[in-house]
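Encoded as structure tokens, the structure appears first; notes follow it.
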Amino acid sequence: MSTDSRPGSSGGEMPENLRASDIMVPVPRTCSPFSTMTEAAMILKDQGLGMVPVVDLGKPVGIVTDLDVAATDAGDPGSGQQPVSDVMNRRIPTAPAGTPIDQIPAMMADADAPTLLVTDAEGLLLGAISRTDVAARLTGGPMAPVSDPNNFVEVDQP
């Protein structure tokens with residue numbers, strides 16, 4: 001019998017009420033669509049997350065990954081001044097804060113994404129969940145697939 005009283009820690013069992021907000025990691029830094037690729041690269045280096053959310057008025061509008069920065073660096077030497085809005089991925093996999101944890105792996109698989117951004121009811125960014133975060137909480141039992149087009153936020157070009 002486990003003496004650990006944290007949610008999801010009782011002998012590897014997962015409580016039915018564990019939600020995305022319970023396992024997310026708050027994202028300490030974000031950038032705006034007007035941030036430069038150099039600024040995004042510095043945030044990536046500081047956070048060590050492999051991605052930085054791009055937000056406008058607190059809502060996610062894109063993601064810049066370490067691969068995006070590397071591809072930009074390989075091009076024109078002045079590309080560091082390029083705004084992240086020119087490079088960011090606008091198809092953002094999101095999960096509402098109340099999403100049950102057992103649905104998250106299928107949402108990641110459907111989105112072909114290693115990370116989901118967690119949002120509140122107004123669409124404001126709360127944090128992020130990686131596959132590692134989920135794996136640390138799941139027991140490996142079977143999960144029903146989730147295919148929901150509302151798992152994404154797609155932003156038009158400005």
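The values are calculated or read from the model by the stated rules, or taken from the named source; none is laboratory data. None of the values given here were measured: they were computed from a predicted structure. With ideal geometry, Cβ positions are generated from the backbone for all residues, glycine too; neighbour counts draw on all protein chains shown.
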Could you please find all residues in the range 37-61 being on the phi > 0 side of the Ramachandran plot and either touching a residue at least 24 places away in the same chain (Cβ under 8 Å) or crowded, with 18+ Cβ neighbours inside 10 Å (or both)? GLY50, GLY58
Go through the range 77-95 and give me each residue that's closer than 20 Å to LEU126 by Cβ and either hydrophobic (A, V, I, L, M, F, W, C) or touching a helix residue (DSSP H, G or I) at 6+ places or on another chain (Cβ under 7 Å) (or both). MET88, ILE92, PRO93, THR94, ALA95
Restricting to the range 102-116, and then to whatever is acidic (Asp, Glu) and not in a loop (DSSP other than H, G, I, E, B), can you tell me which residue is modelled with the highest pLDDT? ASP110
Of the listed residues (GLY98, GLY127), the one being surrounded by fewer than 15 Cβ atoms within 10 Å (Cβ to Cβ), at pLDDT 90 or above and either touching a helix residue (DSSP H, G or I) at 6+ places or on another chain (Cβ under 8 Å) or closer than 22 Å to VAL54 by Cβ (or both) is GLY98
